[in-house]
1. Which one is modelled with the highest pLDDT, of the residues in the range 93-124 that are more than 15 Å from the chain's Cα centre (by Cα) and of a type outside the set (S, T, Y)?
2. Among the residues of the range 1-45 satisfying the criterion of being of a type in the set (A, V, I, L, M, F, W, C) and assigned to a loop (DSSP other than H, G, I, E, B), which is surrounded by the most Cβ atoms within 10 Å (Cβ to Cβ)?
3. Of all residues in the range 67-94 being among the hydrophobic types (A, V, I, L, M, F, W, C) and touching a residue at least 40 places away in the same chain (Cβ under 8 Å), which is nearest to S25 (Cα to Cα)?
4. For the structure I just gave you, tell me whether Y101 is of a type outside the set (G, A, S) and in contact (Cβ under 8 Å) with a residue 24 or more places away in the chain.
5. Residues D73, D90: which one is open to solvent by less than 30 Å² (accessible area, probe 1.4 Å) and either modelled with pLDDT of 95 or more or farther than 30 Å from Q1 by Cβ (or both)?
6. What number of residues within the range 99-122 are hydrophobic (A, V, I, L, M, F, W, C), buried (at least 16 other Cβ atoms within 10 Å of the Cβ) and assigned to a loop (DSSP other than H, G, I, E, B)?
7. Checking the condition more than 11 Å from the chain's Cα centre (by Cα), surrounded by 18 or more Cβ atoms within 10 Å (Cβ to Cβ) and among the β-branched types (V, I, T), which residue from V64, V79, V48 passes?
Amino acid sequence: QVQLVESGGGLVQAGGSLRLSCAASGRTFSDFAWGWFRQAPGKEREFVAAINWNGGTTLYGDSVQGRFTISRDNAKNTVYLQMNMPKPEDTAVYYCATGIYSSASLNPSLYAYWGQGTQATVSS
């Protein structure tokens with residue numbers, strides 16, 4: 001049974017930093033892209049970042065470009081999201097996703113497996 005478990009969420013002050021992790025179990029995802037998405041209360045799900053199978057290509061949403069960094073460790077079957085200089089508007093539940101394709105994509109339909117989400121709250 002495949003499971004994706006996010007961790008690292010919590011409360012952080014604006015301008016600080018937070019690192020989210022997402023560990024997969026049940027199968028290996030070294031050949032697949034990973035993505036991070038988020039959803040704030042009352043808002044639609046938003047693309048945050050994606051990384052291709054070998055880490056050579058990364059994509060970022062406009063609102064996080066230059067502040068957040070996605071990375072992966074295939075040996076640990078884990079993806080990370082380093083959140084630097086977070087802003088209150090980054091407050092949301094963050095979800096990791098993987099599966100289906102090796103290329104990074106901002107389209108949530110191109111990911112087969114999803115984590116349960118982790119809350120990140122940025123205070124002003």
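The values are calculated or read from the model by the stated rules, or taken from the named source; none is laboratory data. Predicted model, so just to flag it, every value in this text is computed and none were measured. Methodologically, a virtual Cβ is constructed for each residue, glycine included, from the backbone with ideal geometry; neighbour enumeration extends over all protein chains shown. Surface areas here come from the heavy atoms of the whole protein model, side chains and all, with no ligands, DNA or RNA. Shrake-Rupley method; radii C 1.70, N 1.55, O 1.52, S 1.80 Å.
1. V122
2. Per the stated criteria, the residue is A33.
3. V79
4. yes
5. Going through D73, D90 in turn, just one is open to solvent by less than 30 Å² (accessible area, probe 1.4 Å) and either modelled with pLDDT of 95 or more or farther than 30 Å from Q1 by Cβ (or both): D90.
6. The total comes to 1.
7. Values: V79 fails: more than 11 Å from the chain's Cα centre (by Cα); V48 fails: more than 11 Å from the chain's Cα centre (by Cα).
Matching residue, one of V64, V79, V48: V64.
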